[in-house]
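Beneath this line is the structure, given in structure tokens, with notes to follow.
The values are calculated or read from the model by the stated rules, or taken from the named source; none is laboratory data. Treat the numbers as computed from the prediction; the structure is a model and nothing was measured. Using ideal geometry, Cβ is built from the backbone for each residue, glycine included, and neighbour counts are taken over all protein chains shown. In case anyone asks, the SASA skips ligands and DNA or RNA and just uses the protein heavy atoms, side chains included. Shrake-Rupley method; radii C 1.70, N 1.55, O 1.52, S 1.80 Å.
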Amino acid sequence: MDHPVEENLKMVRKQMALACKASGRNITDVKLLLATKTVPLEKLQVAVQAGEKLFGENKVQELRDKYPLMEQSKAVEWHFIGHLQTNKVKEVVKYVTMIHSVDRLKLGQVLHDQLVKEQRTMDILVQINTSYEESKFGASPEDAVELVEQLSRFDTLHVKGLMTIGKLHASTDETRQCFRLLKQLSIQIRERNIPRVDMEMLSMGMSGDFSMAIEEGATIVRVGTNVFGPRYVPDEYYWNEHTKIED
């Protein structure tokens, strides 16, 4: 009998395929990123053995702990998907190939400065608060174009697209509207032909709404609970930060 994680992966992959078919998309156009927040190493290794290669972490501490313990780490690609404080930049860039949550110019500046020191570049996504919730991080939709233009001036940063978190505990229509807004913003930005900006990626959709996100154009869905099972803490612990730590 397959491990529960393997069974869950098969189900998620099937749901992704159905969502792609329903929206006339090719399944190869959508990547599954496994959100590893609070997930024990044993479950992650089952996913790797099942052929999964893309993992995303929210907390720098967890990323630091898990990275060296993944025996097949050379085959695994890590993305950072949580709120990133500037004082954690030096550490997080050691481990990841993409950061999904660049949401302010100051963070872009600190990333650029660190990458210049290391003589390397980094793919990033710009996080947009499409639900207009005060408790969420992310640039406002009205500021999205300007922020992308500002970030594009750093030659170490390659803006590959946008990221958002659908409205939590919302109606289907409200959540879908968040995803549609992100897609519209990506089209507006693409039409400007900004250097080092190509808008090829839309990171949106989590365990509760990834099928809807695919229907609205997601190219990366971030799924954790549906694969690894319930966590000890709710999504709000990671996404709905009531007390923001600004820097």
Region 115-126 - residue that is open to solvent by 10 Å² or more (accessible area, probe 1.4 Å) and not acidic (D, E) and, of those, farthest from M201 (Cα to Cα): K117
Positions within region 25-59 being within 18 Å of the chain's Cα centre (by Cα), in contact (Cβ under 8 Å) with a residue 60 or more places away in the chain, closer than 27 Å to E216 by Cβ and open to solvent by 40 Å² or more (accessible area, probe 1.4 Å), in sequence order: D29, K31
Of all residues making up region 190-207, the number that are open to solvent by 80 Å² or more (accessible area, probe 1.4 Å) and in a loop (DSSP other than H, G, I, E, B): 5
Some residue of region 170-184 being open to solvent by 30 Å² or more (accessible area, probe 1.4 Å) and within 24 Å of K59 (Cα to Cα): no
Selection within region 94-134 - of a type in the set (A, V, I, L, M) and within 13 Å of the chain's Cα centre (by Cα): V96, M98, I99, V102, I124, L125, V126, I128
Residue match in region 130-150 (condition: surrounded by 14 or more Cβ atoms within 10 Å (Cβ to Cβ), aliphatic (A, V, I, L, M), within 18 Å of R222 (Cα to Cα) and at pLDDT 95 or above): no
Filter result for the condition that a residue is in contact with a Lys or Arg (Cβ under 8 Å, 6 or more places away or on another chain) and not acidic (D, E), over V110, V102, V116, V60: V60
